[in-house]
1. Calculate, axis by axis, the spread of Cα positions in the chain along the three principal axes, and write the results as whole Å, longest axis first.
2. Taking the Cβ of each residue in His147, His70 as the centre, tally the other Cβ atoms inside 10 Å and list the residues starting with the fewest.
3. When each pair of different Cα atoms in region 79-141 is counted once in the 1/r mean, what is the Kirkwood radius in angstroms, to one decimal?
4. Where Rh is the Kirkwood radius over the Cα pairs of region 5-63, the temperature 37 °C and the viscosity 0.692 mPa s, what D in µm²/s does Stokes-Einstein return?
5. Work out the P(r) tail for region 69-173: percent of alpha carbon pairs separated by more than 18 Å, whole number.
6. If neighbour count is taken as other Cβ atoms inside 10 Å, put Trp167, Trp91 in order from fewest to most.
7. How far apart, in nanometres, would the label points at Ala101 and Asn6 be if each is projected 7 angstrom from Cα along the Cα-to-Cβ direction?
8. Roughly how many whole Å is it from the C-alpha centroid of region 124-171 to that of region 1-50?
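Every number here is computed from the coordinates shown, using simple stated rules; none is lab data. Keep in mind that this is a model prediction, so the values were computed, not measured. Neighbour counts run over all protein chains shown; Cβ positions are idealised from the backbone, glycine included.
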Amino acid sequence: MDTKKNVLEKMSDRELEQYIKPDSKFVPEAIQYAFEILQSRGRTFTNEEQDRINSLVSKVEPNDTIIHPHYTKAAHFIYLSGATGIAGLIWTSEQLNSGLAIFISVAVIAFVFGIGYMIGKGNVVAKYLFIILFAIGLLGMPTIITHLRTDPILATINVLQLILQTWAVVLLLKIPKNIKG
């Protein structure tokens with residue numbers, strides 16, 4: 001929410017006092033503007049009042065956490081990879097001939113979307129877990145090569161997943177270490 005200082009300047013002192021009350025629900029920017037305007041009009045504040053107002057201005061809501069954009073982009077690539085995985089399952093649906101095979105397939109797809117969700121929220125543990133699992137998954141490259149000969153459509157799906165996941169890993173590795181999300 002963008003607060004315009006000139007709008008607050010038109011308010012009376014009494015109205016501005018509402019902004020700096022201890023239980024104020026206004027955005028920190030509006031509280032800061034109200035404080036500055038009241039000061040410019042000659043209102044003096046005690047040290048306790050100034051400290052309280054500063055704490056209101058500097059209060060960060062849990063939902064205000066800034067997440068690095070690469071987390072979000074990587075999550076989108078992971079979601080696309082999961083959707084591609086669903087397409088691969090549909091293509092090879094004849095192999096889903098037992099309850100266990102169906103369960104494992106659904107669990108893997110749910111895991112992919114789940115880790116994508118956690119990465120999208122800026123979860124560093126999910127980031128490193130995904131990178132490690134991606135590296136382990138690279139051991140499956142010979143399977144993709146085999147699929148090129150036996151089932152080119154499945155191989156194409158697998159290569160597309162590999163490209164999407166590789167791009168997600170690249171984005172995740174480009175996130176500076178000192179930044180949360």
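1. 82, 31, 26
2. Ascending Cβ contact count within 10 Å gives the list His147, His70.
3. Working: mean 1/r = 0.0785 Å⁻¹.
For region 79-141, the Kirkwood estimate is 12.7 Å.
4. Working: Rh = 11.6 Å.
Value of D from the Cα-based Kirkwood radius: 284 µm²/s.
5. In whole percent, the long-distance tail amounts to 49.
6. If I rank by nearby Cβ atoms, fewest first, I get Trp91, Trp167.
7. Going from the Ala101 label point to the Asn6 one covers 7.0 nm.
8. When both Cα centres are located, 55 Å separates them.
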